[in-house]
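Step one of this worksheet: look at the structure below.
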Amino acid sequence: MTKLAELSVLGIYAPLHFFEYYHDDGYVDSIEDHFFMLVEKYGQEHQVSRDKIRKTLGGYLHYEGMFFSHHHIYYKRANEPDIFFIRGHEETHFLERIWKLNLLEDKLKPFTNRTIDFGEVIDSESRCNIGGVYALIKNNVPVKKVFEIIKSRSQQNLLKNYLEKYGLI
Ligand SMILES: [Zn+2]
């Protein structure tokens, strides 16, 4: 039987290798504390500054060990609809890492006027923002709400181009 990771916000079951584990760690009080707890647990090297992490709303961390591989997502408590977007974004980081963005492409098909090819979406954050947008759509939240959730102007502009290209706005 294939081992599956349940991505509860995207509504996707993704296949895992027998040595691979997916952990949805849920809400955490502090993104930075959770991040540093995980890197310490796995003995990972990192060059991430505390200041940079402090500003993020969620995280995805992958540990590739000799025998096991672990994927973690975690996020700050937030209200709806923001939390749909944040969780959808982090779940998409996981899909991206296991090369299964095609599962999200299939989910988006009914909502776009041309099929999304994630190979055309250059940067990782935009790919994951599109995943977050799908989580909004799935929860009947107007897509335009995303521009109130994403604060970075450059991220907003990048995403807007893709959403227009695929007819999502
Ligand atoms: Zn991200």
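Total residues in the stretch 128-146 satisfying the condition of being surrounded by fewer than 16 Cβ atoms within 10 Å (Cβ to Cβ), part of a helix (DSSP H, G or I) and in contact with a helix residue (DSSP H, G or I) (Cβ under 7 Å, 6 or more places away or on another chain): the figure is 2.
Looking only at the stretch 22-37, count how many residues are more than 16 Å from the ligand (Cβ to nearest atom) and outside any loop (DSSP other than H, G, I, E, B). Break it down into steps so the answer makes sense when it comes.
The first filter runs over the stretch 22-37 and keeps only residues more than 16 Å from the ligand (Cβ to nearest atom), leaving 22-23, 26-27, 29-30, 33, 36-37.
Those still in the list that are outside any loop (DSSP other than H, G, I, E, B) too: 22-23, 26-27, 33, 36-37.
The number of residues fulfilling the criteria is 7.
Only residues that are in a helix (DSSP H, G or I) and either among the aromatic types (Phe, Trp, Tyr) or more than 13 Å from the ligand (Cβ to nearest atom) (or both): list them for the stretch 112-127, please.
So in the stretch 112-127, the residues in a helix (DSSP H, G or I) come out as 118-120, 124-127.
Result: 118, 119, 120.
Condition check ((1) surrounded by 10 or more Cβ atoms within 10 Å (Cβ to Cβ); (2) touching an Asp or Glu at 6+ places or on another chain (Cβ under 6 Å); (3) assigned to a helix (DSSP H, G or I)) across all residues:
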residue: 41; (1), (2), (3): yes, no, yes
residue: 45; (1), (2), (3): no, no, no
residue: 63; (1), (2), (3): yes, no, no
residue: 79; (1), (2), (3): no, no, no
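Determine whether the stretch 2-11 contains at least one residue that is polar (S, T, N, Q), within 24 Å of residue 102 (Cα to Cα), in contact with a strand residue (DSSP E or B) (Cβ under 6 Å, 6 or more places away or on another chain) and assigned to a loop (DSSP other than H, G, I, E, B). Checked the stretch 2-11: at least one residue is polar (S, T, N, Q), within 24 Å of residue 102 (Cα to Cα), in contact with a strand residue (DSSP E or B) (Cβ under 6 Å, 6 or more places away or on another chain) and assigned to a loop (DSSP other than H, G, I, E, B).
Can we say residue 83 is surrounded by 18 or more Cβ atoms within 10 Å (Cβ to Cβ) and either within 16 Å of the ligand (Cβ to nearest atom) or at pLDDT 95 or above (or both)?
Working: surrounded by 18 or more Cβ atoms within 10 Å (Cβ to Cβ): yes; either within 16 Å of the ligand (Cβ to nearest atom) or at pLDDT 95 or above (or both): yes.
Judged against the criteria, residue 83 is a match.
Of all the numbered requirements in (1) more than 13 Å from the ligand (Cβ to nearest atom); (2) under 19 Å from the mean Cα position of the chain (by Cα); (3) of a type in the set (A, V, I, L, M, F, W, C); (4) modelled with pLDDT under 95, residue 66 misses one, and that requirement is (2). Here residue 121 meets the list (1) touching a Lys or Arg at 6+ places or on another chain (Cβ under 7 Å); (2) of a type in the set (A, V, I, L, M, F, W, C); (3) more than 25 Å from residue 59 (Cβ to Cβ) almost entirely, failing just condition (3). Selection of the stretch 147-168 for residues being more than 17 Å from the chain's Cα centre (by Cα), surrounded by fewer than 17 Cβ atoms within 10 Å (Cβ to Cβ) and either within 13 Å of residue 85 (Cβ to Cβ) or not charged (D, E, K, R) (or both) yields 148, 154, 157, 161, 167. Test residue 63 against the stated conditions and say whether it is under 23 Å from residue 7 (Cβ atoms) and in contact (Cβ under 8 Å) with a residue 60 or more places away in the chain. No: the conditions fail for residue 63.
Among the residues of the stretch 96-121, the ones that are of a type in the set (A, V, I, L, M, F, W, C) and surrounded by fewer than 11 Cβ atoms within 10 Å (Cβ to Cβ) come to 1 in all.
The values are calculated or read from the model by the stated rules, or taken from the named source; none is laboratory data. Quick caveat: nothing in here was measured; it's all calculated off a predicted structure. As a convention, Cβ positions derive from the backbone with ideal geometry for all residues, glycine included, and neighbour counts pool all protein chains shown.
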